[in-house]
Amino acid sequence: MHIAILSQKPESYSCTRLIAAGEARGHRVSVINYMQCTMVIAAHRPKLYYQDTVVSDVDAIIPRIAAAHTFYGNAVVRQLEMMGVYSVNGSQAIARSRDKLRSLQILSRKGVGLPVTGFAHAVKDVQALIKDVGGAPLIIKLLEGTQGIGVVLAETQKAAESVIDAFRNLNANILLQEFISEAAGTDLRCFVVGSRVVASMMRQAAPGEFRSNIHRGGSGTKVKLTPEERAIAVSAAKAMGLNVAGVDIIRSNHGALVIEVNSSPGLEGIETATKKDVGGRIIEYIETHAKPPGPRIERRGDDH
Ligand code: ADP
Ligand code: MG
């Protein structure tokens, strides 16, 4: 098969590993920088150029779209889907996962446990909304933040009010969330492929930090999930429609709560912590779900 990774960072650990895992299983793997793709939309013939070449022989893609480029990157994923290329994560599911509010709404409808969360546009009475999510300390999150950036812990009611005011003045969409203090800066990253958790680690925030993101200095160690946590992770990924997902779970006093479902989970942290061949599991999943090979690549100009 010809598998293309949509990524801006061919040299990253995740790309390098996916290339190696694909090649080890006899596939051709290339990296397409989606920001250098051009889409041509015509009736019955959606076309995609990568630099000067018409993309026409890709059988399957692994989208790894940066949060900053969701709009364009996901349009490229959609274009490939229109061309009949199999995407391990669909463009709709990626779009859903990038919006924290939309994700929480979908997960809550499916009965997945979540921290109590509030969202409002015009809040006349900020204090009432703060009370609704359990009062301070509380978490304030930018709707489209990632890697821990845009997640703030407001320790007091006053701090919460001023942070909310500041964000609102910037016209940023935010949600308020109950702070799960008993998690003590830890969460569980559950790497889901298909209907299985293929690897899981506990992430511990750096000293003095409540955000466990590896990008914020957190460290990961292998962890054994309870059967309940496994089931929650798989059903969260399923609810979002993602075949490959990093489901983040917090252990709270009232059970396992999902805080986020990532559509491009990184491989470095999880493979290092667990020594598992996560890349191989993704390639395997594609082998059993993608359609057979298509036609070959043509140069621009050969194609009309
Ligand atoms: P991002 O998309 O930026 O990673 P998250 O919602 O995953 O945003 O939050 C980042 C980190 O902050 C989480 O991994 C977790 O450690 C911590 N965190 C997020 N929400 C809560 C919460 N409600 N209670 C306690 N800690 C939280
Ligand atoms: Mg996160």
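The values are calculated or read from the model by the stated rules, or taken from the named source; none is laboratory data. Because the structure is predicted, anything quoted here is derived from the model rather than measured. Using ideal geometry, Cβ is built from the backbone for each residue, glycine included, and neighbour counts are taken over all protein chains shown. For the accessible areas, the whole protein counts, side chains as well, though only heavy atoms, and no ligand, DNA or RNA atoms are used. Shrake-Rupley method; radii C 1.70, N 1.55, O 1.52, S 1.80 Å.
Run the numbers on the range 2-95 and let me know its relative contact order in percent, using alpha-carbon pairs under 8 Å that are six or more apart.
29 percent
Let a ≥ b ≥ c be the square roots of the eigenvalues of the Cα gyration tensor of the range 190-284; is it rounded (a/c under 1.5), or, if not, prolate (a/b larger than b/c) or oblate?
Verdict is oblate for the range 190-284.
Can you tally the net charge around Val261? Count Lys and Arg as +1, Asp and Glu as -1, for every other residue whose Cβ sits under 12 Å from the Cβ of Val261.
+4
For the chain, what is the relative contact order in percent, using Cα pairs closer than 8 Å and at least 6 residues apart in sequence?
In percent, rounded to a whole number, it is 20.
What percentages, rounded to whole numbers, describe P(r) for the range 2-95 computed over all alpha carbon pairs with 10 Å bin width beginning at zero?
So the P(r) values, bin by bin, are 17, 53, 27, 3.
Around Leu6, which amide H atoms from residues at least 5 apart in sequence, or from another chain, sit under 5 Å from its own amide H, with H modelled in the peptide plane?
Ile32, Ile62, Arg64
In debye, nearest 20: dipole of the range 117-179 around its Cα centre with unit charges on the Cβ of K, R (+) and D, E (-)?
Once rounded to the nearest 20, the dipole reads 80 debye.
With both bridge residues required to lie in the chain, what share of the DSSP beta bridges run antiparallel, to the nearest 5%?
The antiparallel proportion sits near 80 percent.
Could you sort Lys9, Lys141 by their accessible area in this structure, using a 1.4 Å probe and putting the largest first?
Working: Lys9 120, Lys141 20 Å².
Output order, biggest surface exposure first: Lys9, Lys141.
So, counting K/R as plus one and D/E as minus one, what does the shell of residues with Cβ under 15 Å around Gly185 add up to? Before the final figure, lay out each step's value.
Values: positive: Arg189, Arg203, Arg211, Arg216, Arg251; negative: Glu155, Glu182, Asp187, Glu209, Asp248.
Net local charge, Gly185 excluded: 0.
Running a GNM on the chain with Cα contacts under 10 Å, which residue among Ala60, Ala43, Ala231 ends up with the highest mean-square fluctuation?
Ala43
Per 5 Å bin, what percent of the C-alpha pairs of the range 55-202 does each bin hold, from zero upward?
For the range 55-202, the binned pair fractions read 2, 8, 14, 17, 18, 14, 11, 8, 5, 2, 1, 0 percent.
Where is the GNM fluctuation largest for the chain (alpha-carbon springs, 10 angstrom cutoff): Thr288, Thr221, Thr274?
Per the Cα network of the chain with a 10 Å cutoff, Thr288 tops the list.
Only four residue types carry charge here, +1 at the Cβ of Lys and Arg and -1 at the Cβ of Asp and Glu. Report the dipole size of the chain about the Cα centre in Debye, rounded to the nearest 20.
I would put it at about 340 debye.
In nm, what is the difference between 0.36 nm times the number of residues separating His121 and Ala67 and their Cα-Cα distance? Walk me through the numbers on the way to the answer.
Numbers: separation 54, 0.36 × 54 = 19.44 nm, distance 2.29 nm.
Taking His121 through Ala67 to full extension adds about 17.2 nm, to one decimal.
Extension gain Ser56-Thr226, at 0.36 nm per residue separation less the Cα-Cα distance, in nm?
56.8 nm
To the nearest 0.05, how large is the calculated FRET efficiency for Lys131 and Tyr49 if R₀ is 45 Å and r is the Cβ-Cβ distance? Kindly include the intermediate steps, with their values, before the conclusion.
On the way: r = 54 Å, r/R0 = 1.20.
Efficiency computed from Cβ-Cβ geometry: 0.25.
Which cross-chain or sequence-distant (5 or more) residues have an amide H under 5 Å from the amide H of Ser252, H modelled 1.01 Å from N in plane?
For Ser252, whose amide H was placed from the backbone, the distant partners under 5 Å are Leu257.
How big is the dipole moment of the range 89-233 about its Cα centre under a simple scheme where the beta carbon of each Lys and Arg is +1, that of each Asp and Glu is -1, and everything else is neutral? Debye, nearest 20, please.
Numbers: 19 positive and 13 negative charges, 121 e Å.
I would put it at about 580 debye.
Using a 1.4 angstrom probe with every protein chain in place, what is the largest-first accessible-area order of Thr16, Thr186?
The ranking, largest first, comes out as Thr16, Thr186.
From the backbone phi of the range 200-206, what are the Karplus-calculated ³J(HN,Hα) couplings (6.51 cos²θ - 1.76 cosθ + 1.60, θ = phi - 60°) in whole Hz, Gly and Pro given as x?
Here the 3J(HN,Hα) series is 8, 9, 9, 9, 10, 5, 4 Hz.
What percent do you get for the relative contact order of the range 161-304 when only Cα pairs under 8 Å and 6+ apart count?
Here the relative contact order equals 22 percent.
By the gyration tensor of its Cα atoms, with a ≥ b ≥ c the square roots of the eigenvalues, what is the shape of the chain: rounded for a/c under 1.5, prolate for a/b over b/c, or oblate?
Cα axes put the chain in the prolate bin.
Of Ser12, Ile61, Gln177, which is farthest on the positive side of the dipole of the chain, counting Cα position, with +1 on Lys and Arg Cβ, -1 on Asp and Glu Cβ, and the Cα centre as origin?
Ile61
Considering the chain as a Gaussian network with a 10 Å cut-off on Cα pairs, which listed residue, Gly26, Gly279, Gly220, attains the greatest mean-square fluctuation?
Top of the fluctuation ranking is Gly26.
Per DSSP H run of n ≥ 4, the term is -39500 (n - 2.57); total these for the chain, divide by its residue number, and report the mean residue ellipticity at 222 nm rounded to 500 deg cm²/dmol.
So the helix-based figure for the chain works out to -9500 deg cm²/dmol.
Run the numbers for Ser181 and Ser30: contour at 0.36 nm per residue of separation, minus the present Cα-Cα distance, in nm.
Net length gain for the segment: 50.0 nm.
How big is the range 129-263 on each of its three principal axes, counting only the C-alpha atoms and giving the largest first in Å?
In descending order, the Cα extents are 43, 31, 28 Å.
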